[in-house]
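For reference, the structure is listed below as structure tokens.
The values are calculated or read from the model by the stated rules, or taken from the named source; none is laboratory data. Keep in mind that this is a model prediction, so the values were computed, not measured. So basically every Cβ, Gly included, is an ideal-geometry build from the backbone, and we count neighbours across all protein chains shown. Ligands, DNA and RNA are excluded from the accessible area calculation, which covers all protein heavy atoms including side chains. Shrake-Rupley method; radii C 1.70, N 1.55, O 1.52, S 1.80 Å.
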Amino acid sequence: PGMAMSFARVPCRAQVGLHAPLVHVEVSLGSGLPAFFIVGLPATVVKESKERVRSALLNSNFEFPAGRITVNLAPADLPKEGGRFDLPIALGILIASEQIRIPAGSGHSDFGLCEFYGELGLSGELRPTRGLLLAAAHASRHGHELLVPRASVQEALAVARTPVRAADHLLEVCAHVEGKVPLEPLTPCSYSEQSTLASFGHALAPPGGGARLDLCDVKGQHHAKRALVIAAAGAHSLVMIGPPGSGKSMLAQRLPDILPPLTEPEALEVASIASVSTGGFNINNFGHRPFRSPHHTASGAALVGGGSRARPGEISLAHHGVLFLDELPEFGRRVLEALREPLEAGVVAVSRAAFQTQYPAAFQLIAAMNPCPCGRQGDPSGNCSCTPAEVQRYRSRISGPLLDRIDMHVEVPRVEMSEFDQDLERGESTANAAARVTRARAIQLTRQGVCNSRLGDAQVERWCTPDKPGRGVLELAIKRLGFSARARARILKLARTIADLDCDGVITASHVSQAVMLRYLDRELS
């Protein structure tokens with residue numbers, strides 16, 4: 001495999017955005033004063049691997065070669081970060097110094113078909129490394145096997161379609177490479193085995209365990225529940241306006257269980273984004289729709305993505321899932337304005353001086369806000385002390401262009417005490433709502449290939465044309481309420497979703513009027 005007496009090459013992969021390009025860790029030993037160089041655009045954590053590798057080799061009863069050691073991470077112009085290169089560097093040094101010998105003619109001699117990953121502890125133990133899921137997916141595509149730390153094996157197996165081997169210590173890897181004690185290949189899990197929970201979705205526990213959230217636990221709020229089911233059926237964005245304690249957050253938290261289960265490609269996309277994020281990938285969440293709820297003090301970079309290494313932000317971590325923004329007007333104006341483009345496009349480009357990458361961001365936005373600064377406007381108790389000017393100032397924190405892009409604005413009034421006693425009428429359960437949503441989504445995908453909220457302008461004119469009475473209602477609403485062209489398109493998409501929930505092929509006046517009623521803030525402002 002391109003080896004001379006004092007040269008070795010071991011394959012691994014870097015991580016750049018959502019790509020994992022192949023990296024060859026080349027090690028060359030030369031005579032001269034003792035020196036250890038790592039070249040090829042290594043980050044600080046990669047440069048520090050010198051000391052980890054030195055200690056791991058000495059504590060594993062190997063000799064550390066005297067002389068000049070040069071490690072090149074090729075290609076040289078690709079940024080490298082993380083502790084994943086420790087194991088390939090250590091292996092390269094051992095092979096170049098002939099402390100371990102690869103048997104001629106054995107399957108292990110072709111390093112091009114097996115990639116090595118792992119951070120080394122000072123005693124030689126292998127520690128987990130972040131982003132392995134992405135590396136395993138790319139390695140599988142090229143038919144390469146993987147050797148990873150045992151603590152990371154579940155992450156690799158979630159996506160690998162080629163054999164994966166796991167080790168706890170550098171000595172185990174050396175014994176495997178020499179052919180003395182081969183490590184057993186672990187069978188890659190199929191998606192259906194890995195995500196049994198997600199496949200049968202709604203009847204099972206949410207990620208992280210705990211009690212499952214059911215829609216019928218929310219008292220009253222029949223209008224808001226109906227709006228939530230419509231939002232789930234067409235992947236529409238939704239803002240709920242109501243006083244504190246009316247159930248806005250409870251409703252939002254129940255949305256992921258109403259949504260259909262993720263398909264295999266969607267699950268892999270969600271897992272890939274999580275694996276390159278600061279929080280890393282959690283195997284317990286595999287196959288579950290993400291639910292992200294950032295605090296209102298979050299910065300623009302935290303929400304959209306960024307930082308020096310251009311990590312994905314909350315909107316990308318909510319890809320194929322729900323982004324819940326509680327207390328919407330409390331978010332910074334610039335932060336909210338940054339949502340406008342991703343809401344339309346479904347992707348976000350994160351650009352830095354030395355780095356540019358695109359992350360998918362097809363998230364479903366659910367937001368909650370109070371009707372006024374004190375939160376009691378419209379309350380029967382009449383305790384609201386906010387002036388019209390204060391209410392206007394509070395609501396104007398959310399710009400008209402952003403509100404225009406949110407499909408539904410729904411009022412969530414305070415629940416009357418009498419509604420808490422109506423135990424007999426529990427309302428629709430999550431399981432029933434999920435079945436109706438799945439049926440409506442199937443109708444949409446069969447008809448046009450995408451959810452209603454993702455339809456383009458030309459597709460809206462083709463698939464969302466109402467009948468004659470429906471057109472009359474729409475024209476009257478546009479004239480009276482002054483809807484923009486974008487709001488008109490959103491109303492038509494909403495009406496199409498309501499018709500799909502009713503299994504109705506034609507958009508009627510009833511469907512259009514329901515869609516208009518779901519634009520509460522437009523009606524208020526007019």
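Summary table
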item	result
Positive-pole candidate from Ile366, Thr387, Gly346, dipole of segment 342-408, charges at beta carbon	Thr387
Probe 1.4 Å, accessible area per residue of segment 34-74, Å²	50
Per residue, in Å², the accessible surface of segment 204-351 once ligands and nucleic acids are set aside, probe 1.4 Å	36
Charge dipole (debye, nearest 20) of the chain; +1 at Cβ of Lys and Arg, -1 at Cβ of Asp and Glu	1200
In sequence order, calculated HN-Hα J values of segment 32-47 (Karplus, 6.51, -1.76, 1.60; Hz; x Gly/Pro)	x, 5, x, 7, 9, 10, 10, 10, x, 6, x, 6, 4, 5, 6, 4
Alpha-carbon centroids, segment 324-346 and segment 283-314: separation in whole Å	13
FRET efficiency, Glu264 to Glu48 (Cβ-Cβ, R0 41 Å, nearest 0.05)	0.60
Segment 247-348: relative contact order as a whole-number percent, Cα under 8 Å and 6+ apart	27
Alpha carbon centroid spacing (whole Å) that separates segment 240-270 from segment 26-91	46
Exposure of Arg352 as accessible area (Å², to 10), given a probe of 1.4 Å and all protein chains	90
Span per principal axis, largest first, for the Cα atoms of the chain (Å)	85, 47, 43
Bridge type composition, the chain - antiparallel percent by DSSP, nearest 5	50
Other-chain or far-sequence residues with amide H under 5 Å of His169's (modelled H)	Leu126
Proximal lysines to Lys219, defined as alpha-carbon separation beneath 21 angstrom and excluding residues fewer than eight positions away on the same chain	Lys248
Accessible area in the full protein assembly, largest first, 1.4 Å probe, for Lys219, Lys479, Lys80	Lys479, Lys219, Lys80
Heavy-atom accessible surface of segment 1-89: percent carbon and sulfur, 1.4 Å	58
Computed accessible area, His142, all protein chains, 1.4 angstrom probe, square angstrom	120
